[in-house]
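The values are calculated or read from the model by the stated rules, or taken from the named source; none is laboratory data. Fair warning: this is a prediction, and the values are worked out from it, not measured in the lab. Don't worry about glycine lacking a Cβ; one is built from the backbone with ideal geometry, like all the others, and counts go over all protein chains shown. Heads up: the accessible areas ignore ligands, DNA and RNA and are worked out on the full protein's heavy atoms, side chains in. Shrake-Rupley method; radii C 1.70, N 1.55, O 1.52, S 1.80 Å.
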Amino acid sequence: MRKFLVLSFACGFLVACGGNASEETSSDNEEQSNSTVHESEEEEVTNNSNQADSQTTTEGDEKEPTDTSNEELSESELEALRIPTVPMESPYDDDGNIKHAHTQIEIVDEYMDEDGRIYFGLDEDPVRNITNPEDENIVHVTNYSDVFINIVEAEAFQLDEDLREEAYKFVMLSPPQELEGKDPSEYRTWEEATNLERGVMQMIYLTTAPIHNIDYIVHEDLYNHDALPILLEEFEKLGSPMVLFPAPQTVNDMQLFELIQVLHQMWGQLGQFENPAENKEEFEELYFQVRQETNDLIVRMNFLLSEEM
């Protein structure tokens, strides 16, 4: 029986199991292998248990009520299911305003590098107010880091340096059919990826374990398990309107931005879903949509990284 998984930053990392994917329409997507999000191995939360390969759940799977006595998790194990974040300095000053403000022209002239990229690290106040020089009443709060940031909680969804490379590998291990056999050297590297691409890869990696765990709950009919409220809380946090994406800075970024907006909204809907145990069909439909959008995002990331900026 599959167990609950956590992201382990000390003892291991998720390993993607290969599967073909396609960027085509929803009818083509049904022919894809299920996402690597659900075919990964990780350190188990439960004590004295061995690693087990996850099994992919499909809409047609039959679910039998399961005795959950051997699935009970301690308080610390339940907390370990939460998605880790990195604290950062608040982007707001004492008056409640964003600390740094620029016009669209100023930010480009002063901070854009020779590759056309504007970037600030988490310790450089990456969240900036950008005003339209023709109408200073139009203000855009913009994130120039390469991670998703909750600007109210002042926390970032950032992986450490080693796991950033693993997030890149995780995405790259499931190329669509059109890119099968493509030499890895033909892809842009992590360092060559845009801020938004890096941020999306980190979010795919960070949501892998929570998606797996909800899949397990759905598959095993464990809707009363103590883990489910925590997992939904995490998706509610991810889907908060206060979570700011890295700003799109290329034409391809704009396409990716639209995709992540859709998934971001679904995260919030999943996290705010009321009474899953009493509304299983609706909950499962929404969950499967989140899973499919994640699959599609992995496919899209493969295509984007295969292209020159």
Failed criterion for Thr189 (all others in (1) under 26 Å from Asp162 (Cβ atoms); (2) touching a strand residue (DSSP E or B) at 6+ places or on another chain (Cβ under 8 Å); (3) not charged (D, E, K, R) hold): (2)
Residue match in segment 209-222 (condition: modelled with pLDDT under 95, among the charged types (D, E, K, R), outside any helix (DSSP H, G or I) and more than 21 Å from Asp113 (Cβ to Cβ)): no
Search result, residues across segment 113-136 that are under 24 Å from Arg188 (Cβ atoms) and open to solvent by less than 80 Å² (accessible area, probe 1.4 Å): Asp113, Gly116, Arg117, Ile118, Phe120, Gly121, Leu122, Pro126
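Being in contact with a strand residue (DSSP E or B) (Cβ under 8 Å, 6 or more places away or on another chain) and open to solvent by 20 Å² or more (accessible area, probe 1.4 Å) is true for just one of Met266, Met242. Which residue is that?
Selected residue: Met242, the only one of Met266, Met242 that is in contact with a strand residue (DSSP E or B) (Cβ under 8 Å, 6 or more places away or on another chain) and open to solvent by 20 Å² or more (accessible area, probe 1.4 Å).
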Residue in segment 127-138 that is at pLDDT 95 or above, touching an Asp or Glu at 6+ places or on another chain (Cβ under 8 Å) and within 24 Å of Glu197 (Cα to Cα) present: no
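I need a count of the residues in segment 86-96 that are assigned to a loop (DSSP other than H, G, I, E, B) and either open to solvent by less than 50 Å² (accessible area, probe 1.4 Å) or basic (Lys, Arg) (or both). Quick ask: steps written out before the conclusion?
Of segment 86-96, the ones assigned to a loop (DSSP other than H, G, I, E, B) are 88-91, 93-96.
Applying the additional criterion that residues be either open to solvent by less than 50 Å² (accessible area, probe 1.4 Å) or basic (Lys, Arg) (or both) yields 88, 90-91, 96.
Residues that pass the stated criteria total 4.
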Qualifying residue in segment 166-182 (condition: of a type in the set (Gly, Ala, Ser) and either within 19 Å of Thr85 (Cβ to Cβ) or surrounded by 17 or more Cβ atoms within 10 Å (Cβ to Cβ) (or both)): yes
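Of the residues Leu232, Leu305, which is farther than 22 Å from Met172 by Cα and either at pLDDT 95 or above or crowded, with 21+ Cβ neighbours inside 10 Å (or both)?
Only one candidate passes the filter, namely Leu232.
Return the only residue of Ser185, Ser145 being free of Cβ contacts under 8 Å to residues at least 24 places away in the same chain, farther than 25 Å from Gln289 by Cα and either small (Gly, Ala, Ser) or crowded, with 22+ Cβ neighbours inside 10 Å (or both).
On the way: Ser145 fails: free of Cβ contacts under 8 Å to residues at least 24 places away in the same chain.
None of the other options fit; the residue is Ser185.
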Residue in segment 200-207 that is in a helix (DSSP H, G or I), modelled with pLDDT under 95 and not polar (S, T, N, Q) present: no
Inter-residue pairs, beta-carbon under 7 Å, first polar (S, T, N, Q) and in segment 280-301, second open to solvent by 20 Å² or more (accessible area, probe 1.4 Å) and modelled with pLDDT of 95 or more, 6+ apart: Gln289/Met266
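Determine whether Ile107 is part of a loop (DSSP other than H, G, I, E, B) and either in contact (Cβ under 8 Å) with a residue 60 or more places away in the chain or out of contact with any Asp or Glu (no Cβ under 9 Å at 6 or more places or on another chain) (or both).
Details: part of a loop (DSSP other than H, G, I, E, B): no; either in contact (Cβ under 8 Å) with a residue 60 or more places away in the chain or out of contact with any Asp or Glu (no Cβ under 9 Å at 6 or more places or on another chain) (or both): yes.
So Ile107 does not fit the description; no.
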Selection within segment 128-154 - under 20 Å from the mean Cα position of the chain (by Cα) and either outside any loop (DSSP other than H, G, I, E, B) or not aromatic (Phe, Trp, Tyr) (or both): Thr142, Asn143, Ser145, Asp146, Val147, Phe148, Ile149, Asn150, Ile151, Val152, Glu153, Ala154
Search result, residues across segment 162-179 that are assigned to a helix (DSSP H, G or I) and within 17 Å of Met203 (Cβ to Cβ): Leu163, Arg164, Glu165, Glu166, Ala167, Tyr168, Lys169, Phe170, Val171, Met172
